[in-house]
1. Leaving out ligands, DNA and RNA but keeping every protein chain, what accessible area does T47 have, in Å² rounded to the nearest 10, with a 1.4 Å probe?
2. More than 28 Å apart: what percent of Cα pairs in region 35-173 qualify?
3. Using only C-alpha atoms and all pairs of different ones, pull out the Kirkwood radius for region 20-102 in Å with one decimal.
4. Determine ³J(HN,Hα), in whole Hz, for all residues of region 15-22 in sequence, where each value follows from phi through the Karplus function 6.51 cos²θ - 1.76 cosθ + 1.60 and θ = phi - 60°; x replaces Gly and Pro.
Amino acid sequence: SLTFLSLIPAFAQDKYKITNSSVRFFSSTPVEDIEAENKGTLGILDTKTGNFSVRVPISEFKFRSTLMEDHFNENYMESGKYPNATFKGTIKDALNFSKDGVYQIIADGDFETHGVVQKRQIPITITVEKGVIRYETAFKVKLEDHQIKVPTVVFAKIAEVIDVKLNGELQKI
């Protein structure tokens, strides 16, 4: 976490941090729907360079049952071994948060979860309204792409591709 925070220099006039975040994932199969939410996301964006870094603590996903939570952390995500999912990279689009509007941008970088890094381009919608900057995005994560193993006994209950949705606000540092 120190390396994460080292991205914040003393004079941070072009830097924004993630606040009021929510990461949700959804797995749907004919047998069962599984949903979880995480409000522990940390992130920073430098609008001058376009560089960003986002970290989601895996163990902070909350499920409707503690048993699901335990299985998720211990059996699938191995959160003791791989405590965070991260996305680091750049946004090539010019960012000007001083003007109200809705902006479609692409975040280009390295997405890592369960110890496996993948190059990803993720579309993000930024809404600027009366000084409040909101972001939202949705993308899919294929379990096998990140070597996340699902035991045969529960295979029918967990989708091979998980829908992920993020939203929150960016606040000037």
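The values are calculated or read from the model by the stated rules, or taken from the named source; none is laboratory data. Please read all numbers here as calculations on a predicted model, not as lab measurements. Please note that ligands, DNA and RNA were not included when accessible areas were found on the heavy atoms of the full protein model with its side chains. Shrake-Rupley method; radii C 1.70, N 1.55, O 1.52, S 1.80 Å.
1. 30 Å²
2. Numbers: 2251 of 9591 pairs.
Tail of the P(r) past 28 Å holds 23 percent of the pairs.
3. Result for region 20-102, one decimal place: 14.9 Å.
4. Working through the residues one at a time gives 10, 10, 10, 6, 9, 6, 8, 8 Hz.
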